[in-house]
């Protein structure tokens, strides 16, 4: 009976297959000895993985040509049992089997050396495995193990060892396996509407960001972003929502998500030019310049709170079953240009407080769009009629009105009646107290008085009965009209340059956009002012400018409202000694600027004079902020400390900035920087920000101009004890 030689069963060591989230891992040949285990994780939130394997059968001889006993012929050598193989996915923590797959394969045989060895074809397959129970709370770790076994029996006793030396001997049995994430790894995406991430239109290509208003003083106003929370109180810090969605395998899932705030470098051209932009450069000292990050329903703001963190701390959350998650950031209420960004991670931070994804290059953390703090000013603009008349005594409604000066009127003309309540008025005023109406003078509707310059105009249709218009009485002690009451009718031809005297505010928005201040148009009912040939200014017998502006300024007394008037002339503009072209007053919640348009534009209004008017308008509106309050950089502080300076523009050019103390030279030639169509502040690096007019605008308290200069007090001290 032939002797049975049983080969020893070989069980290979379990082998760990490295896991890579982005694709399959390197599979290890099951015949290789593995002396170390490499632990790697399937990311949190992964629902399924795919286990792949490949089995290649052995190729061995079953008989050989017999030449050792002196005669030829094939003799049987071996018989084989099917090779059994196994692939297992094991929980690396417990060793428990998560999934198993096994099978058998038959050895491919051939006659040696008479036949050619066959080429084995690997058999590959895969299976999908649900691992969601392991990855719900964090990364999960697995082992992939392979083994195989088989038996070989000899059929010819005493077979010489030479029979194993066939040169065509085939390859051995092999098995390999690998595992990879069946789909993309979990993903967190912030859901800010891209349309609300605004690029600031200016020559320096300031990067886009979402905007958060430090205050929204306009009662009918809206926020620039729908994600800013209306807290209903202008004395509290603004809050901004950051919604997002956590996804696993492409759909929303309940996952642990960690958030934290970072402070990116300042994006303003002024700051970048001065090399002052860097991480953590926000000016607000509240919470290290990073605000307070909280859950939407948080009400515990104590040091032990688990729903709110300060100083860039980490906030842990769990997304809803559909993946939705949200955090809220409380930001600065003062410093325009302070910016913030939220990072999200599926891994908790390390000992340094940072997420593992931050250490990768590039940073692979989920990032929100940056948000930047902006201030908003409501600019109410008025233009003065060039032609028309005060109303005279007589009818207050209907279609027939008396006018003080009949000479400008012709039949068929379109005319506009304007009304404001008498001054002084209760503040703030009801807008219904301001109104205007248009009409057309009827045929034969211009009737002069026989004994004077006045007359009567008759309209084609009566004005609304709800609106009454009143005569402007003369001053009791002078042949001048009263400024505090009375209405006006002006002529409207459709050509604004002929009909109105208007300031040029074209440079205001780009000037203040660079300081993160949004100049919004205020919605006044009446935009057209009665024509007054010359108003007496402050310090004269009557402060007609003050009375005139406070009467027609509908937003007077409202926070962050500023007033801009284009007018004909004032006593200061007409002065022979030191004429001005524009002037500003701003105190006690009242800020108003006027520009004497004919004095600036001259008779023709050339392009260069229009640009000069734009520069003067921007200059004067800056005075409503009280820039350069101490006059530190003025030509002579003792002689000229009225918020001017003698510094150059921030961009490195040798051109004076917008707040230069004069716009012409000693020969009264306009300086080129006031006619080149560009308006810029200077930039100073001193720590306080005093008299760095650009920084002053960004950093000063609101509302404007309620924080006004008080004679004899260092009102400009930065920072003040409180902005509220």
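A short reminder: the numbers here are calculations on the coordinates, not readings from a lab. Owing to the predicted nature of the structure, the values given are computational and were not obtained by experimental measurement. Quick reminder, even Gly has a Cβ in these numbers, built from the backbone with ideal geometry, and neighbours come from all protein chains shown.
Cα-based radius of gyration for region 375-619, normalised by 2.2 N^0.38 Å, reads 1.02. Across all C-alpha atoms in region 277-428, the radius of gyration and Dmax reach 29.7, 84 Å. If you sort the three axes of the alpha carbon gyration tensor as a ≥ b ≥ c, you get a/c of 1.5 or more for region 393-468 and a/b above b/c, which makes it prolate. Given the C-alpha centroids of region 492-508 and region 542-563, what is the distance between them in whole angstrom? Result: 20 Å between the Cα centres. Peptides 296-303, 487-494 ranked from most to least packed, by the mean per-residue count of other Cβ atoms within 10 Å: 487-494, 296-303. Put the Cα centre of region 226-305 next to the Cα centre of region 437-473 and the gap is 60 Å. Note on region 375-619: antiparallel DSSP beta bridges, both residues inside, total approximately 60 percent of the bridges counted. Cβ crowding within 10 Å, taken as a proxy for footprinting-reagent exposure, orders 655, 564 from fewest neighbours to most as 655, 564.
Across all directions, the average projected area of the convex hull around the alpha carbons of region 187-369 is 12.0 nm².
Counting 0.36 nm for each residue step from residue 233 to residue 116 and taking away their Cα separation leaves a gain of 33.1 nm. Approximating the spin labels as points 7 Å out from Cα along Cα→Cβ, the residue 653-to-residue 351 distance works out to 5.4 nm. Our note on the geometry: Cα centres of region 352-383 and region 408-424, 49 Å apart. Most tightly packed first, judged by the mean number of other beta-carbon atoms within 10 Å of their residues, the peptides 120-126, 329-335 read 329-335, 120-126. Packing, taken as the mean count of other beta carbons within 10 Å per residue, orders the peptides 592-600, 403-411, 254-262 from highest to lowest as 592-600, 254-262, 403-411.
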